[in-house]
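Structure, as structure tokens:
The values are calculated or read from the model by the stated rules, or taken from the named source; none is laboratory data. Keep in mind the model is a prediction, meaning the values are calculated, not measured. FYI the Cβ positions are ideal-geometry reconstructions off the backbone, even for glycines, and counts take in every protein chain you see.
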Amino acid sequence: MNKCYIISGSCLHDEEADVRKYVTPGEARRMCRILKRAVYTSFEALRHSGIECPDAIITGTAMGCMENSEKFLTDICRNGEQLLKPTLFMQSTHNTIASMTGILLKCHGYNMTYSQGGVSFTSALLDAWLQIRAGEINNALVGCHDELTDAIRKIRHAAHPEIAPSDFREASAAFMLASEPLGDKPIEVEKVIILHSPDPKKLESAITSMNSNVIFNSDDSYCTDADAEGICSALETLSAQANYMESALVVTRAGNSVSLIKLTLASPCGC
Amino acid sequence: MEELINQLKEQIIEALNLEDMTPADIDADAPLFGEGLGLDSIDALELIVLMEREYGIKLGNPAEGKKIFSSVASIADYVSKNRKK
């Protein structure tokens, strides 16, 4: 069984992406905000990994291109299902993000999108992790992208009145996973587990059995992609404090689901 | 006609999200597809929607569309003769 390492990553929080660093104005003109962020983080992760074209592109997104979906549905209502903009139609499907990345990279490999609410990213990560460990692929670009519109902020606020609409965060992140480590502080994805409606004792037992130095708790009430945001925090901490800790566990609670991702510092040789 | 050409240029820039372009940057006689602006098939669909939404013109014949959309000037000529609003 191969090991699976995170060899590079890029995260954006509530900020615009300088997508023209990687694509021409002509390629960028049709991209909505979430696509620009996805392309930017994906290309950043690829650049840092030194890999030009991944074996697979696997994306997690809870709501897809929400802004375009809202515009498209609004146009349907206002125009009596007539005069609909083709660009909005194309960019209102969940797998637009992964397919756009594949087209730009001319990547003809495995291209998959997971939409599993707050554990969408973990689902995508689990797919890549299983395939790399089984030797089906050598590397994968795993991303997680969601955006918040005013309407979604209001809906989230109704569900969580204690959080102001402006305090909800949106995240966009991309990571390169590979069977070979990179750099002097490689981080292995040791375990990926998704539990649905777990018994509290079973969950506690699962967390304890992970035997991690530090636990990062994240909650999708606050952030669209809390599991990916948790990974970003864990990676930063593990890299910065490599002399003091060997592993980190990211625990994300999303509705009735809980995802557990254990990251471990590995030796540079991968042995 | 000059006024209609300028109006079409502004509408095309907005509909196709031609960032950083102004009406002055578009040559009314230059090809829209391939060379010139370098538009593609998705842009053609956007232009068909624009024609119907702004001028009430329904284009049903693809061969006709190729000729109409050859340049901004050719679109303006067709619109001036066939507009319903």
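Considering segment A:19-75 alone, what residues qualify as being among the aliphatic types (A, V, I, L, M), within 14 Å of another protein chain (Cβ to nearest Cβ) and surrounded by fewer than 19 Cβ atoms within 10 Å (Cβ to Cβ)?
A:Val23, A:Ala28 - these are the residues of segment A:19-75 that are among the aliphatic types (A, V, I, L, M), within 14 Å of another protein chain (Cβ to nearest Cβ) and surrounded by fewer than 19 Cβ atoms within 10 Å (Cβ to Cβ).
Among the candidates A:Arg37, A:Arg47, A:Arg30, which residue alone is modelled with pLDDT under 90, assigned by TED's automatic domain parsing to the domain that holds A:Ala128 and not β-branched (Val, Ile, Thr)?
It is A:Arg30.
Please state which one of A:Ala248, A:Ala174, A:Ala226 is in the same structural domain as A:Ser120 (by TED's automatic domain parsing) and in contact with a strand residue (DSSP E or B) (Cβ under 6 Å, 6 or more places away or on another chain). Reasoning before the result, please.
Values: A:Ala248 fails: in the same structural domain as A:Ser120 (by TED's automatic domain parsing); A:Ala226 fails: in the same structural domain as A:Ser120 (by TED's automatic domain parsing).
Only one candidate qualifies: A:Ala174.
Please list, ordered by first then second residue, the pairs with beta carbon atoms under 6 Å, 6 or more apart or interchain, first in segment A:61-90 and under 29 Å from A:Asp227 (Cα atoms), second of a type in the set (Lys, Arg).
Taking only residues 6 or more apart or on different chains, the pairs are A:Leu88/A:Lys71.
Right, A:Arg133: among the charged types (D, E, K, R), free of Cβ contacts under 8 Å to residues at least 60 places away in the same chain and at negative phi or not? Break it down stepwise before answering.
Values: among the charged types (D, E, K, R): yes; free of Cβ contacts under 8 Å to residues at least 60 places away in the same chain: no; at negative phi: yes.
For A:Arg133, the condition - among the charged types (D, E, K, R), free of Cβ contacts under 8 Å to residues at least 60 places away in the same chain and at negative phi - is not met.
What is the residue count in segment B:41-78 for residues that are within 23 Å of A:Asp75 (Cα to Cα) and free of Cβ contacts under 8 Å to residues at least 40 places away in the same chain?
Final tally of qualifying residues: 19.
Which members of segment B:14-41 meet the condition of being within 14 Å of chain A (Cβ to nearest Cβ) and either within 22 Å of B:Asn82 (Cα to Cα) or small (Gly, Ala, Ser) (or both)?
Within segment B:14-41, B:Ala15, B:Leu32, B:Gly34, B:Gly36, B:Gly38, B:Ser41 qualify.
From (1) in contact with a Phe, Trp or Tyr (Cβ under 7 Å, 6 or more places away or on another chain); (2) among the β-branched types (Val, Ile, Thr); (3) assigned to a loop (DSSP other than H, G, I, E, B), pick out the condition that doesn't hold for A:Val189.
For A:Val189, the exception is condition (3).
For A:Ala17, all conditions in the list (1) modelled with pLDDT of 95 or more; (2) within 18 Å of the chain's Cα centre (by Cα) hold save one; what is the number of the exception?
Only one criterion in (1) modelled with pLDDT of 95 or more; (2) within 18 Å of the chain's Cα centre (by Cα) is unmet by A:Ala17, namely (1).
Could you count how many residues in segment A:98-112 are assigned to a loop (DSSP other than H, G, I, E, B) and touching a residue at least 12 places away in the same chain (Cβ under 8 Å)?
3
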